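In what follows, a single structure is set out as structure tokens and then discussed.
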Amino acid sequence: MSAIAGTMLMVLSGCAIPQLCCPQPGPAMPEDFNGKSSAENTAQVGIDQFFNDPVLTQLIYEGLASNQELKIRNQEVQIARNEILARRGAYLPFVSVGARGGFDRTSRYTPLGAAEDQLFYPGGGRFPDPLGNVGLTANLFWQVDIWRQLRNARDSATNRYIEAVEARDYFVTRLVAEIADNYYELTALDKRMVFLDQTIEIQKQSLQVAKAQKEAARGTELGVQRFLAEVRKNESQRLIVKQRIIEVENKINFLAGRYPQLVERGQWDYINLDSQVLNVGVPSQLLLNRRDIRAAERELAASGLDVMVARANFYPQLNITAGVGFEAFNPRYLFDPGAFIANAAGDLVAPLINKKAIRAEYQSANARQLQAAYDYQRTVINAYTEVVNRISKVENYRESVQIKQGQVTALEESVNVATNLFQNARAEYVDVLLSQRDLLEARTALIETKQQQLSAIVNAYQALGGGYLLTSGGTTYADIRCLPPEMLSTMLPMGEETAVPVPGDENLPVPPSEDSLMPAPLSPATGSTPPTGPTPAPAAAPADMSLLPPASIEPVMPVSGPVMPTSYGKQEPLIRLQVPPETKTVTPVVFENTLREPH
């Protein structure tokens, strides 16, 4: 009869499970990036080799060690890790030990009280009134995981732990790109200041010539005032650029987790800064290199397990309870053999009527699984689109920079010619004024285009999945995340591959157990058809992708932690060069073509 009853419970519980819908398959991943592919992949190049700038690399290291948002992401990883331990304990028996004590007085004018008044305890004597009760017991409760409901919940938590790690690592790649992007914007603003200073100096010389011509009755006050107005306009613009430099410096300081202070930067020709051709690899490598895709994959696997957890609610649950201990009315009899108590029971319970709540949760779990499947497809398409857009932007802006350099060269010659003619009274002041204005505008446009090109290079590196490897030898952020900022310079010297300690609390993909269900890469059976593509090319030696020529200046180990400065601009910077580059303030007497002859 018991077997028949259990069978009926399972049949009646499972016959009303609603049917679920499946996600529509996503588009197949192309075999290349609009005709571009390579055997090597820039994502496998470490940031020290890719940027090849000790100052920038040190800023990135400090950001990885001190950025507050990254520290928040690390704690989210720990929260997800603790959820695994909580889920793991749910399918094991719960054992509790406790002691209790109290008393009870029953009215003698009730059947229970009248009966107790006539009772004697073993050994003779009446029970005291009020009647005491002390006990020491050990109790067990165990929900037998027949349908793997609790273990599936544990494995779902494991996938979400790995998802939290991947989301954290994706933030690392974006943090690296953002620091580098702002660093190059800062150097672009420095170049604008150089051009503004040169233009102001040339215009001041033209102003003196205009005054001399006026005194010699060869010119008018109009030319003097026009040159003076142009000088004042550019001096005002210089202050605006100076303010922007302060804001970008402080943005870098914020990303590095420190208070506003001066930011050191390398001394090199900004306009001629470039990288070699980016190696894009093949699109299928994005599934391994992009951390956001890997996080979406884990969320899809976890949501599939959540559906299985919700489905188990339709089936009977077997709960076992048991307890042993000692109980007596007086503590001196507590450990007497006659005071021993024990109990055991088993419940097989299944929902029979009013299962709307269970059905709703089951269908909601399926809807969340569909959301995860479509989010995975969207993430893959977005990653592929980012790579195509940014690689194309790198190439087009590189060609645009070359064309604008030709424009600037022609305008520089026109400024020289106009200035010589004006000084010899063979040209009007308007010709000089317009040529100088056109040159400054062309230079500004050249700098902005160059900044966009460098930004595209950095963002293409990030879009391919780069920025997580600190060195091309395989050192990652997970290897150094527990190290303080002052140790990074000694653990990760530029141009060397150094073994670093691995934190012990990140080696937990899944709690070890015989019944653990290791989350595997997605397959069509998981609920979504991941984009397909050619087999990733075997790892090859990374190419030289540096943005800068090899540097000869080694960074100095930064001082500890952010210090509250007493005033901005007076605090010693955390990042210093061991051998400060020589800086000279040059006031040109004649116009210098700094683009064609970089210092």
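The values are calculated or read from the model by the stated rules, or taken from the named source; none is laboratory data. Because the structure is predicted, anything quoted here is derived from the model rather than measured. When we count neighbours, we look across all protein chains shown, and the Cβ atoms used for this are built from the backbone with ideal geometry, even at glycine. Protein only, heavy atoms only, side chains kept; ligands, DNA and RNA dropped before computing areas. Shrake-Rupley method; radii C 1.70, N 1.55, O 1.52, S 1.80 Å.
Given just the C-alpha atoms of the stretch 71-209, how large is their convex hull per residue in cubic angstrom?
265 Å³
Measure off 7 Å from each Cα along the Cα-to-Cβ vector at residue 237 and residue 269, then give the distance between these two points in nanometres to one decimal.
Taking the two extended label points, one gets 2.3 nm.
Would you list 433, 140 from the most to the least accessible area, probe 1.4 Å?
140, 433
Determine, at each q value in 0.14, 0.25 (inverse angstroms), the log₁₀ of I(q)/I(0) that the Debye formula gives when each Cα of the stretch 138-234 is one equal point scatterer.
Debye output, listed in q order: -0.77, -1.15.
May I ask you to evaluate 6.51 cos²θ - 1.76 cosθ + 1.60, the Karplus curve with θ = phi - 60°, for each residue of the stretch 309-314 and list the ³J(HN,Hα) values in order in whole Hz, giving x for glycine and proline?
In residue order, the calculated couplings are 5, 5, 5, 5, 5, 6 Hz.
Stretch residue 343-residue 105 to full length: gain in nm at 0.36 nm per residue minus the Cα-Cα span?
So the extension gain works out to 83.1 nm.
Please compute the length gained on full extension between residue 78 and residue 225, using 0.36 nm multiplied by the number of residues separating them and subtracting their Cα-Cα distance.
46.2 nm
Give the calculated FRET efficiency between residue 28 and residue 417 to the nearest 0.05, with a Förster radius of 56 Å applied to their Cβ-Cβ distance.
Plugging the Cβ-Cβ distance into 1/(1 + (r/R0)^6) gives 0.40.
Could you compute the FRET efficiency for residue 139 and residue 330, with r as their C-beta to C-beta distance and R0 at 22 Å, rounded to 0.05?
Working from the Cβ atoms, E equals 0.45.
Which peptide among 81-89, 127-135 comes first, and what is the full order, when sorted by highest mean count of other Cβ atoms within 10 Å?
81-89, 127-135
Hey, what do the phi angles of the stretch 287-295 turn into as Karplus ³J(HN,Hα) couplings, whole Hz, using 6.51/-1.76/1.60 and θ = phi - 60°, x for Gly and Pro?
Running phi through 6.51 cos²θ - 1.76 cosθ + 1.60 with θ = phi - 60° gives 5, 9, 8, 7, 5, 5, 5, 5, 5 Hz.
Step through the residues of the stretch 194-211 one at a time and calculate ³J(HN,Hα) from phi using the Karplus curve (6.51 cos²θ - 1.76 cosθ + 1.60, θ = phi - 60°), rounding each to whole Hz and writing x for Gly and Pro.
Ordered by residue, 3J(HN,Hα) equals 4, 5, 5, 4, 5, 5, 4, 5, 5, 5, 5, 5, 5, 4, 5, 5, 4, 5 Hz.
Please report, in whole Å³, the volume per residue of the convex hull around the C-alpha atoms of the stretch 59-150.
Each residue corresponds to 243 Å³ of Cα convex hull volume.
For labels at residue 146 and residue 201 in the simple 7 Å Cα→Cβ model, what's the distance in nm?
Computed distance between label sites residue 146 and residue 201 equals 8.9 nm.
So if each residue of separation counts as 0.36 nm, and I subtract the Cα-Cα distance between residue 193 and residue 17, what length gain in nm does that give?
Here the answer is 56.3 nm.
Given the pairs 204/233; 404/450; 191/211; 191/450, which span a C-alpha to C-alpha distance of over 19 angstrom in this model?
With Cα atoms farther than 19 Å apart: 191/211.
Describe numerically, in nm with one decimal, the distance between label points set 7 Å from Cα along Cα→Cβ at residue 399 and at residue 428.
3.9 nm
At a 10 angstrom cut-off on C-beta neighbours, averaged per residue, how do the peptides 286-293, 258-265 rank from highest to lowest?
286-293, 258-265
For Cα pairs less than 8 Å apart in space and 6+ apart in sequence, what is the mean separation divided by the residue count of the stretch 141-274, i.e. the relative contact order in percent?
Relative contact order of the stretch 141-274: 26 percent.
In angstroms, what radius of gyration and Dmax does the stretch 110-183 have, counting Cα atoms only?
32.1, 93
Using amide H atoms built in the peptide plane, which far-off residues or other-chain residues are under 5 Å from residue 341 H to H?
325, 326, 327
Would you work out the relative contact order for the stretch 262-349, in percent, from Cα pairs under 8 angstrom that are 6 or more residues apart?
So the answer I get is 22 percent.
Give me D for the stretch 360-487 in µm² s⁻¹, whole number, from Stokes-Einstein with Rh from the Kirkwood sum over alpha-carbon pairs, 37 °C and 0.692 mPa s.
Roughly 166 µm²/s, to the nearest whole number.
Please calculate the 1.4 Å probe accessible area of residue 22, with all protein chains present, and give it to the nearest 10 Å².
Ignoring ligands and nucleic acids, residue 22 comes out at about 110 Å².
Could you order peptides 183-192, 359-368 by the average number of other Cβ atoms within 10 Å of their residues, highest first?
Per-residue Cβ counts within 10 Å, averaged per peptide and sorted highest first, yield 183-192, 359-368.
Could you compute the net charge surrounding residue 448? Neighbours are other residues with a C-beta less than 11 Å from the C-beta of residue 448; K and R count +1, D and E count -1.
Within the 11 Å Cβ shell, the charges total +3.
Top to bottom by accessible area (1.4 Å), largest first, where do 196, 411, 112 land?
The most accessible residue leads, giving 112, 411, 196.
Taking all protein chains together and a probe of 1.4 Å, list 308, 29 from the most accessible to the least accessible.
These residues rank, largest area first, as 308, 29.
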